[in-house]
Each structure stands twice: as structure tokens, then as C-alpha cells.
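What follows is a set of notes on a single structure, which appears directly below.
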Amino acid sequence: LSLPHVIERPDRRGFLVVDAGKASAKAKPMTKLVAWTWNERVHPKKPRVPNPAVLVVRVRDEAEKRVLLDGNPTACFTEPHYDGYAAVLVRLAAIDVAELRRLITAAWTCVAPKSVLAPKPKRERAAKAPAKKTRRRATGR
């Protein structure tokens, strides 16, 4: 799956959108995560551990999150860490490629630069009507 302005994180644990249009001379380009590896809390009081079998995917809002959780509880779930955050956790073994592609594409639309989502229409030159030929009246001078 290839989406405009999406790159893989340097740690290879997620994908993010880079909006170079938001960068200034001193600031880095704006980046927003689209999907990333879930960091699971395996042991209480110990750091979270990456779980490559589960992908966190951004969603538009809490309503969309609820629809996904109710519609496919085998593949989509959440945890308290993501309460109030527009993202679902997806078990990769429980989802087909087409559905995962749809989820990631929808996640991309949540964070992609507006200029990419709705490019400005190209201005077309108005077709000029051919100029009317006018005859000059001959004067007797």
C-alpha cells in the first residue's frame, strides 16, 4: 500500500504522514502517525513491550472507533490507554488484507495534508471567442 507523504518511522515500528508544507526554516516538518505497533503492558510496573501482532490504527473519531469495535470484535479492540483517543487496536491475524487496507487508508485521510486530499483545481483559461472582424468604412478623404 502506497500513500502520498507516508514514510516508515526510523525505528520501523509505524508509519507517519510528513507535511513538509507546515515546516519553517527552523522547524522540522509536521508528522502525524497513521498506524504503529502496539506497545503492550506484559508485566505490571515494567515498560511496555512492542507486540508486532497488533497494529494501532488511527480513526476519525470516537464514533467511528465504536463502530469498528462493535462491528468486528475479533479483530478490533482497545485498552484503557487508548480511552478517549481516536485509534483502534487491530489483531493482524484476525483481519483480511482488504479490510486492513481500508482501515489504513481511512487513517491516512485523518492526517494527510489538505493539499493532498483536495488538490486545488487547475485553472483553465477561458476559451476566448474569436474576435469579430470589423470593416472600416472608407472615407472619402
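Read-outs: derived from the displayed coordinates by stated rules, not from any lab. Just so you know, these numbers come straight off a predicted model, no measurement behind them. Cβ atoms come from the backbone with ideal geometry, glycine included; neighbour counts cover every protein chain shown.
Testing the spin-label approximation: label points 7 Å from Cα along Cα→Cβ at Y82 and E62. State their distance in nm.
1.6 nm
Name the residues whose placed amide hydrogens come within less than 5 Å of the amide hydrogen of R41, ignoring near sequence neighbours (fewer than 5 apart) on the same chain.
V49
In sequence order, what are the phi-derived ³J(HN,Hα) couplings for segment 105-111 according to the Karplus relation 6.51 cos²θ - 1.76 cosθ + 1.60 with θ = phi - 60°, rounded to whole Hz, with x for glycine and proline?
5, 5, 5, 4, 5, 6, 10
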